[in-house]
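Asks: Okay, here's the structure, questions in a sec.
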Amino acid sequence: MIVDVHAHTPTHRDVVPAGEACVFTSWRTDRPVVTTNTWADFDGAMSAADVAIVFNIAVADPAATTGIPHDPDRTNDATAEFVANDPARRIGFMSVDPTSSDCLEEAERCREMGLVGVKLGPNYQNFDPLGEPALAFYAYCERNALPILFHQGASPIRTAPLRYTYPLVTDEVALRFPELRIVMAHMGHPWGKETVATIRKHPHVYADVSSIYLRPWVCYESLLAAVEWGCTDKLLLGSDFPIANTGEAMAGLRGVNRILEGTALPRVPSELIERIIHADALSALGLTLGGAR
Ligand SMILES: [Zn+2]
């Protein structure tokens, strides 16, 4: 089974109204990225995945903060509705602001709606990932077996503090919450080695490979670090839809050694790449299909 652990909830149910399309031409060099997509667009793009984990990010102005617009009052409802439409192929994560007073109330409401994990982007949401409110929320997640997928690493958003997504911050989180399931997105790009140093020592900390293939050297360097440190079994497949889709992510990983032609540099073994593509992400994160645990 192929599980894509990192996809953003499509922005529109049936149709993207004329004039609402958001297109970014500078995000990747081979094609523009359309961040406004319908449910059908998602299914078409993500056909290579048997199951996808989907989420929004809880911010006041999603279009300005992440480039992916959604109604900020329906951050979690939009994801829950999308998942309920095809629960055999979709798993929904909530997103909350750990510093807001109704954070736990909203998390409880999301669990009732069938959302079984959490997406946080401390840099986008502008909260200190080691601050008291965040730590209190991680404790709640650990108690209730809710895995957290953290955005990690770079972001082009000028106001998003990089120190909040530096992979070694996640080591601090895992030291305090050893039973919490964590996914470090994008292998912390470009800090793949720091991510590898973190996932190898914490049994419940994983990393996803979403978007990294778009930067061939970072992808190679990060995957090779995982090989050399013996922790490729902690890597999970992800696409970061709509930045890329699952099929592109798989092809990108399989092409990781292409830049080595004519060199004596060590290769990333292809059987390890296949293992990442077929990683049992649901077991790793304690999830089952259909929202049940
Ligand atoms: Zn993402």
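The values are calculated or read from the model by the stated rules, or taken from the named source; none is laboratory data. Given the structure is predicted, the values throughout are model-derived calculations rather than measurements. Here the Cβ positions follow ideal geometry from the backbone for every residue, glycine too, while neighbour counts run over all protein chains shown. Areas reflect the complete protein model, heavy atoms only, side chains present, ligands, DNA and RNA absent. Shrake-Rupley method; radii C 1.70, N 1.55, O 1.52, S 1.80 Å.
Asks: Over segment 112-173, with the other protein chains present, what is the accessible area per residue in square angstrom, probe 1.4 angstrom?
Replies: Value returned for segment 112-173: 39 Å² of accessible area per residue.
Asks: Here's another thing I want to ask about it. Just the number, please: carbon plus sulfur as a percent of the accessible area of the chain, 1.4 Å probe, no ligands or DNA/RNA counted.
Replies: The computed percentage sits at 53.
Asks: Would you mind working out the magnitude of the charge dipole of the chain relative to its Cα centre, with +1 at each Lys and Arg C-beta and -1 at each Asp and Glu C-beta, to the nearest 20 Debye?
Replies: The calculation lands at about 760 debye.
Asks: About its Cα centre, what dipole magnitude does segment 110-178 give when the only charges are +1 on Lys and Arg Cβ and -1 on Asp and Glu Cβ, stated in debye to the nearest 20?
Replies: 160
Asks: I would also like to ask the following. Kindly write out, for segment 75-86 in residue order, the coupling ³J(HN,Hα) from the Karplus curve 6.51 cos²θ - 1.76 cosθ + 1.60 (θ = phi - 60°), rounded to whole Hz, with x marking Gly and Pro.
Replies: 3, 8, 4, 4, 5, 4, 5, 5, 5, 4, 6, 7
Asks: Can you list residues whose amide H is under 5 Å from F241's amide H, if they're 5+ apart or on another chain and H is modeled 1.01 Å from N?
Replies: H8
Asks: Additional query: For the chain, with a Gaussian network of springs between Cα atoms less than 10 Å apart, report the residue from A281, A84, A49 with the top mean-square fluctuation.
Replies: A84
Asks: Go ahead and set up a Gaussian network model of the chain, Cα springs under 10 Å, then flag whichever of G67, G255, G230 fluctuates most.
Replies: Highest fluctuation of the listed residues: G230.
Asks: Sticking with this structure for a sec: Where Rh is the Kirkwood radius over the Cα pairs of segment 3-288, the temperature 25 °C and the viscosity 0.890 mPa s, what D in µm²/s does Stokes-Einstein return?
Replies: D = 130 µm²/s.
Asks: Whose amide H sits under 5 Å from the amide H of Q152, counting only residues 5 or more places off or on another chain, with H placed in the peptide plane?
Replies: Result for Q152 returns A185, G188.
Asks: Can I ask one more? How much accessible surface does E248 have with a 1.4 Å probe, in Å² rounded to 10?
Replies: 40
Asks: In segment 113-172, which trypsin sites (Lys or Arg not before Pro) fall in coil by DSSP and have 12 or fewer other Cβ atoms within 10 Å?
Replies: The qualifying sites are R158.
Asks: Taking H as built 1.01 Å from N, whose amide H comes closer than 5 Å to the amide H of I91, not counting residues under 5 places away?
Replies: Those qualifying (amide H under 5 Å, at least 5 residues apart or on another chain) are A52, I53, V54.
Asks: Same structure, new question: For segment 110-122, what does the Karplus curve 6.51 cos²θ - 1.76 cosθ + 1.60, with θ = phi - 60°, yield as ³J(HN,Hα) per residue in whole Hz, taken in order and with x for Gly and Pro?
Replies: 5, 5, 5, 7, x, 7, 10, x, 9, 10, 10, x, x
Asks: What does the accessible area of D4 come to, in Å² to the nearest 10, when a probe of 1.4 Å is used?
Replies: Result for D4: roughly 0 Å² accessible.
Asks: For segment 168-177, in order, what is each residue's ³J(HN,Hα) by Karplus, 6.51 cos²θ - 1.76 cosθ + 1.60 with θ = phi - 60°, in whole Hz (x at glycine and Pro)?
Replies: After applying 6.51 cos²θ - 1.76 cosθ + 1.60, I find 5, 4, 5, 4, 4, 5, 5, 4, 7, 10 Hz.
Asks: Oh, and also: Given labels modelled 7 Å from the Cα in the Cβ direction, how far is it in nm from D50 to D30?
Replies: 2.5
Asks: Give me the extension gain from T99 to A18: residue separation times 0.36 nm, minus the current Cα-Cα distance, reported in nm with one decimal.
Replies: Between T99 and A18, full extension yields an extra 25.5 nm.
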